[in-house]
Amino acid sequence: MRSRNSLMRERHEAFRDARLIVIASEGKDTEQIYFKALAKEYTNPRVHVHILERSEDEQNSSSPEYVLKQLNNYKSLYELEADDELWLVVDKDRWTDAMLSRVATECTQEVSMHMALSNPCFELWLLLHLEDASSLTPKEQKQWMENRRKSRNTDPFLKVRLRQKMGSYHESAYDAPALIAHVEEAIVRAKALDKNPTDRWPQTLGTRVYLLVESVMNRNQ
C-alpha cells in the first residue's frame, strides 16, 4: 500500500501546474458518465478533473453524508492547493432538509468544498440541455418537481422525459457528448431557474450543477 507521502508526491508531480477539481456524486454512473465526457470535451492543461469512484462494497452508499465522507477522505490523503475544489453532486428528492443542512454547513466551513445540488435530481440538469424548464407552465413545473412514477415498476417522470427527448436513455448508458453539445444552453437555463442563488441549495425546481460545469470549463478563473 502506498504511503500518504508517496500519494502526495504523485499529486504534485502530476498536477502541480493544474487546478484540481475532485467530484464525488450520489449516483454511481450517471454523473460520472457526464463529467468524464465534459472533461474530455473541455480538456484544459490548467484544469484536472478527478472523479471519485466507489469500492465494490460501497456501491449502494449514496447519502449526502457518504458523498461528503468520500471527499473528506480524499482531502486527508492529498495535500490540496489553494485553488483546488472538492464538489459534492447530490439530489434533493430522497433527502430531508435537516440532512442536507448538515452537509451544507460543513461545506461552508471549508473554502475548497462546494455542493452542486439538483432539485429534484440530476436528470433535471441533463434535460436542461434539451428543454427550457423556465418556459413551462406552473402545472408542468410542478410535475417536473414532483418527479413521480406512473407505477411502482416504471421510471420517474424526468427519466422518462429524458428518454423521450434523447431517443435512448439509461442512467448507466447514455450519449453524454450529444447533451454536452448543448451545454451552453443548459447553463443559461439553469441560471434562469436559480432565482435565489444565495440559498444553500435550490428550494424550487433548479440545479446548481451549472456552477461545477463552469468550473470544469474554466469559466470562473
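The values are calculated or read from the model by the stated rules, or taken from the named source; none is laboratory data. All of these numbers come straight from a predicted model, not from anything done at the bench. Reconstructed Cβ throughout: ideal geometry from the backbone, glycine too, with neighbour counts over all protein chains shown. SASA here: full protein model, heavy atoms, side chains in, ligands and nucleic acids out. Shrake-Rupley method; radii C 1.70, N 1.55, O 1.52, S 1.80 Å.
Taking the 0 to 90 degree range and rounding to the nearest ten, how far is the long axis of helix 183-193 tilted relative to the main principal axis of the chain, both from C-alpha atoms?
Its long axis makes an angle of about 70 degrees.
As an exercise, take the mean of 1/r over every pair of distinct alpha carbons in segment 128-194, invert it, and state the Kirkwood radius in angstroms.
Across segment 128-194, the inverse of the average 1/r is 13.0 Å.
Using only the Cα atoms, work out Rg/Rh for the chain, with Rh taken as the Kirkwood radius, to two decimals.
Rounded to two decimals, Rg over Rh is 0.96.
Can you flag which of K28/K69; K40/K165; K75/K191; K92/K139; K36/K150; K159/K195 are past 22 Å Cα-Cα?
Among K28/K69; K40/K165; K75/K191; K92/K139; K36/K150; K159/K195, the Cα-Cα distance tops 22 Å for K40/K165; K75/K191; K36/K150; K159/K195.
Pick out, from L158, V183, H48, the residue whose Cα sits farthest towards the positive end of the charge dipole of the chain, with +1 on the Cβ of Lys and Arg and -1 on the Cβ of Asp and Glu.
Of the listed residues, the answer is L158.
Helix 4-15 sits at what angle to the longest principal axis of the chain, using alpha carbons and giving 0 to 90 degrees rounded to 10?
Relative to the chain, helix 4-15 is tipped by roughly 70 degrees.
Rolling a 1.4 Å sphere over the protein heavy atoms, what is the accessible area per residue of segment 81-206, to the nearest Å²?
On a per-residue basis, segment 81-206 sits at 53 Å².
Return one number: the angle in degrees, 0 to 90 and rounded to the nearest 10, between the long axis of the Cα atoms of helix 97-108 and the longest principal axis of the Cα atoms of the chain.
Helix 97-108 and the main axis of the chain meet at about 40 degrees.
For segment 96-141, what is the convex hull volume of its Cα atoms per residue in Å³?
105 Å³
Looking at segment 118-157, which trypsin sites (Lys or Arg not before Pro) are DSSP coil and have at most 14 other C-beta atoms within 10 Å of their C-beta? Before the final figure, lay out each step's value.
Working: sites: K139, K142, R148, R149, K150, R152; in loops: R148, K150, R152.
Answer by residue number: R148, K150, R152.
Arrange the residues R19, R54 by how much accessible surface each exposes, largest first, with a 1.4 angstrom probe.
Ranking R19, R54 by accessible area, largest first, yields R54, R19.
Roughly how many percent of the accessible protein surface of the chain is carbon and sulfur, given a 1.4 Å probe and a whole-percent answer? Walk me through the numbers on the way to the answer.
Values: 5520 of 11760 Å².
Using a 1.4 Å probe with all protein chains present, the chain comes out at 47 percent carbon and sulfur.
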